[in-house]
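Novice: Okay, handing you the structure first.
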Amino acid sequence: MTTHRGSAPVTPRNSTTELGLPARRGTAGVPTLPEGEKQTKKDFTSDQEVRWCPGCGDYAVLAAVQGFLPDLGLRRENIVFVSGIGCSSRFPYYLDTYGMHSIHGRAPAIATGLATSREDLSVWVVTGDGDALSIGGNHLIHAMRRNVNLTILLFNNKIYGLTKGQYSPTSDVGAVTKSTPSGSVDHPFNPVSLALGSEATFVARTMDSDRAHLTEVLKAAAAHRGTSLVEIYQNCPIFNDGAFQLLKDRDEATGRVAHLRAHEPVRIGAEGSPEAKVVVRDPEGRLHVVPEQDVPQGHTVVVHDPADPDPTSAFGLSRLDDPSMQTVPMGIFRQVERPTYDDGVREQVRQATAGTVRDTASLDALLHGRDTWTVDGTRPGQVEQLLEGETTEGPTPAAGEALVEEGEEVYEDEGTP
């Protein structure tokens, strides 16, 4: 696959500095190494035997992550990888950091708690298309909506691998799998479109086998403060081999991959070559792919701006993709800044606790405030009931209201009034 340029972080137009807030990196608050101390890939390689199928794309992603983490300059004990269930979710075992192999689909929820309660942690989520987009769908979209300071790596191989080849939420229509022997009739998710629809502040797509591009995207995602969603096309050689072969073949990729480079036209192929194509917007606002040398009159060449606060353009680019892989946008779709959920929660806690005295009396006042009442049968308005010849205390009226209006007769047996 051809190497992409221009995936380094851009300066968001709606940056926190322009909003009057201090600009913060994604790793702000996380302890760094002492000056002069360096880390290597070996420092992030655990003593566990890596156990994936031969040829699995996860090996390439693991190597890229292990090779990139030293660049962050963070203490290993302040880095946490949380995973769910699936082949990709073995990731924490192979990194010499803290980690948690959690339950199916819930990694974003657990990571949200960690990121909110511990500002001193760099929190990562590793998940797959089945884990994240099926049972974990709600957890994923709400983490992105809240803009929790997480980096989410979503491995997409369009299949359930660990459970032996059932179709997943990203499997193509007609995909023949163990659970769809006559072909899938489901319409698949587009993970990038889903993330943009959830208004994630950083959304990107890359490929397991493109080490340079994958590393560039990871660096930009880690530097971003807020939820970073990185979709990684990853090959499953056992149950869905060759799913992305058209993009791994250099010649095929040249005519299919739309490179997303900040402030440049969205182009397919080498600039100025006879085969080069560009993405244009027609007078009705729809996007099309046309030869660069033959842009129709009235059509405008799309210049990519990942820092645009409006996700409409990025969403339109994500819809160019289809199962035929005729046009596949690759790179950073969106990279904007807005306040994060975890920073907001911590600030609320600081304000609530600043200058206050917390003691037993204040806790008692909270527990027995005006929104509580005691059910003990002694409140005003108590009514006696006759049950099988015994007089017992009746139910306590809500908010002090009598069960029987004043002047109203009470009948103690089943006789006719």
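Every read-out reported here was derived from the displayed coordinates using simple, explicitly stated rules and does not represent laboratory data. In this text the structure is predicted, and so the values were computed from the model without any measurement. Cβ atoms come from the backbone with ideal geometry, glycine included; neighbour counts cover every protein chain shown.
Novice: With +1 on the Cβ of every Lys and Arg and -1 on the Cβ of every Asp and Glu, and nothing else charged, how large is the dipole of the stretch 190-246 about its Cα centre, in debye rounded to the nearest 20?
Specialist: 200 debye
Novice: Something else: Of Ser318, Tyr341, Ala258, whose Cα points farthest to the positive end of the dipole of the stretch 253-375 (charges on the beta-carbon: +1 Lys, Arg; -1 Asp, Glu; origin at the Cα centre)?
Specialist: So the residue furthest toward the plus end is Tyr341.
Novice: Another question, if that's okay. Set the Förster radius R0 to 30 Å, insert the Cβ-Cβ distance between Ser46 and Gln326 as r into 1/(1 + (r/R0)^6), and round the FRET efficiency to 0.05.
Specialist: The pair Ser46/Gln326 has a calculated efficiency of 0.15.
Novice: So how far apart, in nm, are the two label points at Val345 and Lys178 if each is 7 Å from Cα heading toward Cβ?
Specialist: Output for this residue pair reads 3.7 nm.
Novice: Among the lysines, select those whose C-alpha is under 27 Å from the C-alpha of Lys248, and discard any that sit fewer than 8 residues away in the same chain.
Specialist: The qualifying lysines are Lys41, Lys158, Lys164, Lys178, Lys219, Lys277.
Novice: From the residues Thr227, Val192, Ser179, which one has its Cα farthest along the dipole of the stretch 170-241 in the positive direction, the dipole being from +1 and -1 charges on Cβ of Lys/Arg and Asp/Glu about the Cα centre?
Specialist: Of the options given, the answer is Thr227.
Novice: Between Val185 and Asp294, what is the spin-label point distance in nm, taking each point 7 Å from the Cα along the Cα→C-beta axis?
Specialist: 4.1 nm
Novice: How do Cys53, Cys236 rank when sorted from fewest to most other Cβ atoms within 10 Å of their own Cβ?
Specialist: Ranked by crowding around the Cβ, least crowded first: Cys53, Cys236.
Novice: Given labels modelled 7 Å from the Cα in the Cβ direction, how far is it in nm from Thr312 to Glu77?
Specialist: The answer from the label model is 5.1 nm.
Novice: Which order do Thr97, Thr201, Thr360, Thr254 fall in if you start with the one that has the fewest other Cβ atoms within 10 Å?
Specialist: With the fewest neighbours first, Thr97, Thr201, Thr360, Thr254 line up as Thr360, Thr254, Thr97, Thr201.
Novice: Run through the stretch 255-356 and list the GluC sites (Glu not before Pro) located in a DSSP loop whose Cβ has at most 13 other Cβ atoms within 10 Å.
Specialist: Answer in residue order: Glu271, Glu275, Glu284.
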